[in-house]
Amino acid sequence: MGSHAHDDHEPTTAGPKVLAVSTVSPKVRTIAVVRPSADDVTYLAATKTGLGITLKHFAKNLFGFRRTVKQLNEGTAPHGLQNDIETIQYPEEKVVYPERFRGLHRLMQRDDGNVRCVACMCCPTVCPANCITIVPEQSDDKGIEKRPAIFEIDELRCVVCGLCVEACPCDAIRMDSGVHAKPVEERGAAIMTKDKLLAVSKDVGKSPLSIATQGGVGANWRDGK
Ligand code: SF4
Ligand code: SF4
């Protein structure tokens, strides 16, 4: 296979520099070997860049002004090098959770104080963590077939997805308590029983009653119409 010096075959597109092209087969070429630069071999440039970023953050954290929780909650913190520190001194300081924050479960009550749940088993069926246990029993109320004799949620297994709330056909379970599940020392203590779930509304100062009309029918039953 012969070849000749590359004068007339300069590549028209970016790529390795072609030194020579075979006269027998133009696809066979001699290309220049690209050697990595000293910076590439020693990682000096990358190290310098990384150190620069680290030092910039170090100086900002040392001399910058931390945004106050009030500024963060109200969205009034000015942006800029001096105001980009968003560290929160949790748990002394807390940011305001969004309106739809999914917190600890609570069970809602009927007007007569009984639990709204009719043990339809929609929520344990949809729960991806399999952490809801319901044992139904016959209800005393002639208009309601069943009620939960046992209703438990294992908050340690719960993945806080909110599907149980979405699945409930009668607004019996909510996650709008605005608080986290309490830390526990034993696994068993993380299980919220029916009584504990019913007591959450009082603990967080929210009404345990649904806005839905009991026995309401039609598309607007949640609005009480
Ligand atoms: S929030 Fe999700 S994981 Fe937790 S109990 Fe409800 S369905 Fe199950
Ligand atoms: S979906 Fe609602 S009514 Fe049905 S079992 Fe769960 S909490 Fe009770």
So if I check each of Gly205, Gly143, Gly162, which one is more than 23 Å from Pro91 (Cα to Cα), out of contact with any Asp or Glu (no Cβ under 7 Å at 6 or more places or on another chain) and more than 11 Å from ligand 1 (Cβ to nearest atom)?
Gly143
Could you identify the single residue in Leu104, Leu163 that is under 18 Å from Val200 (Cβ atoms), modelled with pLDDT of 95 or more and under 17 Å from the mean Cα position of the chain (by Cα)?
Leu104
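Residue-wise test of (1) modelled with pLDDT of 75 or more; (2) hydroxyl-bearing (Ser, Thr, Tyr).
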{"position": "Asp39", "(1), (2)": "yes, no"}
{"position": "Thr42", "(1), (2)": "yes, yes"}
{"position": "Ala46", "(1), (2)": "yes, no"}
{"position": "Thr49", "(1), (2)": "yes, yes"}
{"position": "Leu55", "(1), (2)": "yes, no"}
{"position": "Arg66", "(1), (2)": "no, no"}
{"position": "Lys70", "(1), (2)": "yes, no"}
Matching residues, the stretch 165-182, being surrounded by fewer than 15 Cβ atoms within 10 Å (Cβ to Cβ) and within 12 Å of ligand 1 (Cβ to nearest atom)
Glu166
Spot the failing condition for Ala189; the list is (1) within 15 Å of ligand 2 (Cβ to nearest atom); (2) open to solvent by 30 Å² or more (accessible area, probe 1.4 Å); (3) assigned to a helix (DSSP H, G or I), and only one is missed.
(1)
Looking for something more than 15 Å from ligand 1 (Cβ to nearest atom), open to solvent by 60 Å² or more (accessible area, probe 1.4 Å) and either part of a loop (DSSP other than H, G, I, E, B) or of a type in the set (S, T, N, Q) (or both) - is there at least one such residue anywhere in the stretch 112-122?
yes
Cβ-Cβ distance below 8 Å, separation of 6 or more or different chains: which pairs start in the stretch 107-131 with a residue that is more than 8 Å from ligand 2 (Cβ to nearest atom) and end on one that is among the β-branched types (Val, Ile, Thr) and in a loop (DSSP other than H, G, I, E, B)?
Pro128/Val159; Ala129/Val159
Kindly indicate whether Gly143 is surrounded by fewer than 12 Cβ atoms within 10 Å (Cβ to Cβ), more than 12 Å from ligand 2 (Cβ to nearest atom) and either of a type outside the set (A, V, I, L, M) or assigned to a loop (DSSP other than H, G, I, E, B) (or both).
yes
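The values are calculated or read from the model by the stated rules, or taken from the named source; none is laboratory data. Source: prediction; values computed, not measured. Positions of Cβ are generated from backbone atoms using ideal geometry, with glycine treated the same way; all protein chains shown enter the neighbour counts. What goes into the accessible areas is simple: the full protein's heavy atoms, side chains included, and nothing from ligands, DNA or RNA. Shrake-Rupley method; radii C 1.70, N 1.55, O 1.52, S 1.80 Å.
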